[in-house]
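Before any comments, here is the structure.
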Amino acid sequence: MLILGIESSCDETGIALYDTHQGLLAHALHSQVKMHAEYGGVVPELASRDHIRRALPLTQVVLDEAGLALQDIDGIAYTQGPGLSGALLVGSSVAEALAFALNIPAIGVHHLEGHLLAPLLENPAPAFPFVALLVSGGHTQLMRVDNIGAYQLLGDTLDDAAGEAFDKTAKLLGLGYPGGPAVSTLAAQGNSGRFKLPRPMLNSKDLNFSFSGLKTAVLTLSKNNEIDIQTKADIAFEFQEAVTEVLTAKCMTALRDTGLDNLVVSGGVGANQRLRERLSQAAKRRLCHVHFPRLEFCTDNGAMIAFAGAMRMQHAVEGGHSFTVRPRWDLAELQAPR
Ligand code: KG4
Ligand code: ZN
């Protein structure tokens with residue numbers, strides 16, 4: 001079964017072709033980062049307009065790359081939510097209209113389920129059950145994953161998501177958008193020991209997180225110091241240490257509590273090299289395995305949507321191509337395909 005995946009929930013148009021026998025055949029991405037950079041963040045209206053410009057040409061790119069034609073597609077998966085409503089409407093409309101024209105099924109996919117399953121695109125793929133750390137711009141969650149759609153929330157952030165904390169810290173340090181890569185690049189030139197930031201909830205007995213206090217602490221540091229580039233780098237270094245230490249410790253606690261020995265990491269912050277390094281070392285000490293998606297599949301992409309759609313497509317109910325988007329949509333509402 002050949003599935004076309006369409007991702008358009010935020011500032012990246014991602015399109016991919018996934019075949020249930022042959023695996024991922026092609027994927028293409030257009031990032032709007034440059035367009036939004038001058039505004040310091042994503043402008044929803046501009047995002048929607050750009051998705052409109054990109055969706056069909058990128059579909060042609062993946063078809064050409066795979067040497068296939070529209071008529072070869074058996075089903076279309078698109079991000080139905082959560083995300084920016086206008087942006088979601090573009091991907092959904094394109095998907096449902098194409099499916100209508102081709103007389104094939106279309107299926108709305110949960111963006112976070114896409115992230116969660118992205119590591120399964122790698123070889124070797126992690127086997128169920130596993131513990132998943134989902135760290136993106138909007139989410140910081142630990143989950144027990146027993147199967148497709150069988151997700152048990154173990155811990156969540158009480159305030160800011162880890163990616164959001166990176167983005168806000170970048171803003172405070174004048175590094176612009178997107179914040180995560182900018183902070184981690186600068187942190188590479190930072191020195192340890194000059195500043196000390198808190199490790200929020202490190203010793204709490206649960207698997208929850210809190211990152212908003214860190215941002216306030218960074219604000220205080222940047223106000224109280226001569227903010228030259230080295231100072232910024234030293235703050236970025238300590239900030240990254242604080243976030244990655246807490247994330248790593250909670251992941252290890254989740255592995256211990258569940259008795260599982262596979263950890264899967266997904267979402268944009270999963271691209272952070274320091275986090276990858278710390279998790280790999282800590283997992284090794286526990287004789288556990290940690291699985292990361294390739295870097296380009298940590299952040300938003302079409303491959304994860306095509307894959308999640310393929311996992312559910314066999315169970316898709318053929319509808320009349322009437323659809324709604326779900327800008328707010330809790331992952332816990334998902335059920336296993338029947
Ligand atoms: O998963 P994603 O592309 O979008 C959401 O669904 O949120 O994640 C984007 C988030 C942003 O907050 C971005 O700053 C962060 O991931 N991010 C990083 C890195 N690359 C992206 N954070 C830390 N280090 C990185 N290398
Ligand atoms: Zn995402």
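The values are calculated or read from the model by the stated rules, or taken from the named source; none is laboratory data. Computed from a predicted model, the values in this text were never measured in an experiment. With ideal geometry, Cβ positions are generated from the backbone for all residues, glycine too; neighbour counts draw on all protein chains shown. Surface accessibility is based on the protein's heavy atoms, side chains included, excluding ligands, DNA and RNA. Shrake-Rupley method; radii C 1.70, N 1.55, O 1.52, S 1.80 Å.
Listing for the model above:
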quantity: Qualifying residue in the stretch 286-309 (condition: among the basic types (Lys, Arg) and part of a helix (DSSP H, G or I)); calculated: no
quantity: Residues of the stretch 176-203 classified as open to solvent by 40 Å² or more (accessible area, probe 1.4 Å) and part of a loop (DSSP other than H, G, I, E, B), total; calculated: 14
quantity: Tally, over the stretch 115-146, of residues that are of a type outside the set (A, V, I, L, M), within 19 Å of Ala336 (Cβ to Cβ), assigned to a strand (DSSP E or B) and within 15 Å of ligand 2 (Cβ to nearest atom); calculated: 1
quantity: Any chance Glu245 is touching a residue at least 24 places away in the same chain (Cβ under 8 Å), assigned to a helix (DSSP H, G or I) and on the phi < 0 side of the Ramachandran plot; calculated: yes
quantity: Whichever residue in the stretch 226-281 is open to solvent by less than 10 Å² (accessible area, probe 1.4 Å) and among the small types (Gly, Ala, Ser) and, among such residues, is farthest from ligand 2 (Cβ to nearest atom); calculated: Ala233
quantity: Any pair with Cβ under 7 angstrom, 6 or more apart, that starts in the stretch 126-153 at a residue that is open to solvent by 50 Å² or more (accessible area, probe 1.4 Å) and ends at one that is within 16 Å of ligand 1 (Cβ to nearest atom) and basic (Lys, Arg); calculated: none
quantity: Search result, residues across the stretch 63-93 that are farther than 26 Å from Trp329 by Cβ and either open to solvent by less than 20 Å² (accessible area, probe 1.4 Å) or in a helix (DSSP H, G or I) (or both); calculated: Leu63, Asp64, Glu65, Ala66, Leu70, Gln71, Asp72
quantity: Condition met for Leu88 (under 21 Å from the mean Cα position of the chain (by Cα) and at pLDDT 95 or above); calculated: yes
quantity: Hey, Asn123 open to solvent by 50 Å² or more (accessible area, probe 1.4 Å) and at pLDDT below 95 or not; calculated: yes
